[in-house]
Amino acid sequence: MNVKSLLGILMIALGVLFILSLMQVIYFENVFSTWWPLAVMLLGLFIIAKHRRSVFSGMLVFAVGAIFQARNLDIIPHGEFWSIFGPTLLILFGIKILLPSKSCKEKKSIKSNVKINDTDFEINTIFGNEVHRLTSDVTTGEANTIFSQAVIDMSNAQLTNNSASLEINTIFGETKLIVPEGWDLKLSGSPVFGSIENKTRNIFSADSNSPRLYIDATVVFGALKIRN
């Protein structure tokens, strides 16, 4: 299951619960106002389980949700959120220091070009600002930006068989995609409390022989900006 699937399931579940609440089958508003941080905690666990390189980020997301949940349950006073969050952040950074670290060479390669195999890639930017440059052949790709700002530079990339598909998921963040002039872009997706801006001069044409990039975008409380 990817980020988009998880987000879709959560939105469907919320919609069903709100409808049942309107029908007075359940009283979901009270439940939601108390237990919404569980969704943030689940997102943190999902990040830890799926993205092994992002264990710290997943722990941080989970901790934020757990603190909000404790506040909603009156385990900690409402005015004490930041006094609890600070020491929690300190503990998490201590754990990060103790975790096995990668070599500087590995870190550089991960930041500049995260690859699954020769033509497929997956990029995850969580609680950070990163630039990812793709310089090889691309067939499929997935980019997830969560509570972050990410730049995906494909200006020097090539599309395998003259065609590629890219899934971009942006949640509480901003993703900037840079593509070469001359590519045909086919953009699909709808923002939820966000925006998708295509500022390129690339126009999709079914009769064109130009390289084609199919983009499926999900934006929730964020922005996706595409430019040359």
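Annotations for the structure displayed:
- Most tightly packed first, judged by the mean number of other beta-carbon atoms within 10 Å of their residues, the peptides 209-219, 7-17, 157-167 read 209-219, 157-167, 7-17.
- Scanning residues 5 or more positions from residue 163 or on other chains, those with amide H under 5 Å from its amide H are 212, with H placed 1.01 Å from N in the peptide plane.
- Per-residue Cβ neighbour counts within 10 Å put 6, 45 in the sequence 45, 6, beginning with the fewest.
- Descending by average beta-carbon neighbour count within 10 Å, the peptides 78-90, 173-185 line up as 173-185, 78-90, the highest first.
- Under a 5 Å amide H cut-off, with hydrogens placed 1.01 Å from N, residue 123 pairs with 142, 143, 144 among residues at least 5 apart or on other chains.
- Amide hydrogen neighbours beyond the local backbone of residue 138, cut-off 5 Å, H modeled: 158, 159, 160
- Net charge, residue 195 excluded, C-beta distance under 15 Å - Lys, Arg +1, Asp, Glu -1: +2
- Summary value for segment 3-98: 20 percent relative contact order, contacts being C-alpha pairs under 8 angstrom separated by 6+ residues.
Coordinate-derived values only; no laboratory data. Predicted model only: the values in this text are computed from it and were never measured. Positions of Cβ are backbone-derived with ideal geometry, glycine not excepted, and every protein chain shown enters the neighbour counts.
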